């Protein structure tokens, strides 16, 4: 007798085939979604990396620009400095002049930061040591590093005073007096025209990050007392 296919078998195979198709379609859909997610995440990652690189380059460019300006002034001849500096800056730094009291840039500056030599860029004084002297000139109790300044006897104007000059470029900064507040009892009376102020928030980018400890130390001491 000729055998015929079992009808029950045919009815069972058909649903199984449909189930397999549905499962395969579901898996394919999930894989497509995962692939799309990974693709979009990959697209975003380079954007974040690019942003970070741009930010880092901006910081580096700012630091390099500041350093280049200092190097440019430091390496200039006296004739070139005469052209580059303002008349007041040149008169004070190269001709031992004195700027008017109360009419200069930093006498009333209360921001945190350091004061560096206008020409060489060497760090000279910190805002932590600045005080109100009532003289109309920026006054400090001590330099950041005493080896960066030179003291000389000044006998001009029919009197004997102690002149303060920067060590690296021999620029006239001002004078030193012994009528300052504690703990040093000294008053470094300086000309704003001899200085450039670097705010605390820009010290890192301008190459003075190592001096941030001057300000962080005070914060740590205050925290320790709590």
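The values are calculated or read from the model by the stated rules, or taken from the named source; none is laboratory data. All values reported here derive from a predicted model rather than from experimental measurement. With ideal geometry, Cβ positions are generated from the backbone for all residues, glycine too; neighbour counts draw on all protein chains shown.
Observations on the model:
- One residue stands out among those in the range 185-196 that are under 14 Å from residue 129 (Cα atoms) and part of a strand (DSSP E or B): the one that is farthest from the chain's Cα centre (by Cα), which is 187.
- Qualifying residue in the range 82-90 (condition: within 12 Å of residue 190 (Cβ to Cβ), modelled with pLDDT of 95 or more and crowded, with 17+ Cβ neighbours inside 10 Å): no
- The set of residues from the range 145-184 being part of a strand (DSSP E or B), surrounded by 17 or more Cβ atoms within 10 Å (Cβ to Cβ) and under 28 Å from the mean Cα position of the chain (by Cα) comprises 149, 164, 165, 166, 172, 173, 174.
- Filtering the range 119-144 to residues that are assigned to a loop (DSSP other than H, G, I, E, B), surrounded by 13 or more Cβ atoms within 10 Å (Cβ to Cβ) and touching a strand residue (DSSP E or B) at 6+ places or on another chain (Cβ under 9 Å) leaves 119, 120, 121, 122, 133, 135, 137, 138, 141, 142, 143, 144.
- If you go through the range 185-207 and pick out every residue that is surrounded by 14 or more Cβ atoms within 10 Å (Cβ to Cβ) and out of contact with any strand residue (DSSP E or B) (no Cβ under 6 Å at 6 or more places or on another chain), you end up with 8.
Matching residues to (1) part of a helix (DSSP H, G or I); (2) at pLDDT 55 or above; (3) more than 18 Å from the chain's Cα centre (by Cα):
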position	(1), (2), (3)
47	yes, no, yes
65	yes, no, no
73	yes, yes, yes
80	yes, yes, yes
93	yes, yes, yes
97	no, yes, yes
104	no, yes, yes
111	no, yes, no
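- In the range 159-173, the residues that are on the phi > 0 side of the Ramachandran plot and touching a residue at least 12 places away in the same chain (Cβ under 8 Å) never reach a residue that is in a loop (DSSP other than H, G, I, E, B) and crowded, with 16+ Cβ neighbours inside 10 Å with C-beta atoms less than 6 angstrom apart, at least six apart or across chains.
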